[in-house]
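The next block holds one structure in the form of structure tokens; read it before the comments.
The values are calculated or read from the model by the stated rules, or taken from the named source; none is laboratory data. Nothing here was measured: the structure is a model prediction, and the numbers come from that model. We place every Cβ from the backbone using ideal geometry, glycine too, and count neighbours over all the protein chains shown. Keep in mind that these areas ignore ligands, DNA and RNA; they rest on the heavy atoms of the full protein, side chains included. Shrake-Rupley method; radii C 1.70, N 1.55, O 1.52, S 1.80 Å.
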Amino acid sequence: VQLEESGGGLVQAGGSLRLSCAVSARATFTSYTIGWFRQAPGKTRENVAAVFWSDTNPYYEDSVKGRFTISRDNVKNTVFLQMNSLKPEDTAVYYCAAVRRATVVREWGYDFWGRGIQVTVSS
């Protein structure tokens, strides 16, 4: 399984970015749970959003609820993270990750990872 993030960059506070995670896998794309994680300098990596292989509602970390939206395009094998009302504290390297046929949020539950992409929010 290969994952590739795109869409990062520099944005002013209050602005928006949309991250994309393109997934290449032998198994059916819909059988994968995809999560978006981020890691800021000096901090541990945290899951900010996940869309599950099952019908379970998406997961959002508390600090991004109402601002971030995760979605998946099952034709393009891509997961998106729409980030609105960005804050300087959202600055981090963002990673997408995948696990097959599992409803997990914690980092240790994911088997496949992208390389990450920088998001910088200026004040």
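Shape of the range 22-72 from the C-alpha gyration tensor: oblate (a/c of 1.5 or more and a/b not above b/c, with a ≥ b ≥ c the square roots of its eigenvalues). By the Cα gyration tensor, the chain has an equivalent ellipsoid whose semi-axes, rounded to whole angstrom, run 23, 14, 13 from largest to smallest. Averaging Cα coordinates gives a centre for the range 82-123 and one for the range 14-34; these two points are 11 Å apart.
From Cα pairs below 8 angstrom and at least 6 apart in sequence, can you work out the relative contact order of the chain, rounded to a whole percent?
36
Protein heavy-atom accessible surface, 1.4 Å probe, per residue over the range 26-103: 50 Å².
For the range 66-114, rounded, prolate or oblate, judged on the Cα gyration tensor with a ≥ b ≥ c (square roots of eigenvalues), a/c < 1.5 rounded, else prolate if a/b > b/c?
In terms of gyration-tensor shape, oblate.
What trypsin sites (Lys or Arg not before Pro) in the range 1-64 are in a loop by DSSP, with at most 10 other Cβ atoms within 10 Å of the Cβ?
Answer by residue number: ARG26, LYS43.
Counting only residues at least eight positions apart within a chain, or on another chain, the lysines with an alpha carbon under 21 Å from that of LYS43 are LYS65, LYS87. Between ARG101 and LEU10, the FRET efficiency estimated from the beta carbon spacing at R0 = 30 angstrom works out to 0.20.
Mean separation of Cα pairs under 8 Å and 6 or more residues apart, divided by the residue count, gives the range 1-50 a relative contact order of 28 percent. Distance between the pseudo-spin-label points of SER31 and LYS65 (7 Å out from Cα toward the beta carbon): 3.3 nm. Computed 3J(HN,Hα) for the range 42-49, one whole-Hz value per residue from the Karplus formula 6.51 cos²θ - 1.76 cosθ + 1.60 where θ = phi - 60°, is x, 10, 7, 6, 10, 7, 9, 6, glycine and proline marked x.
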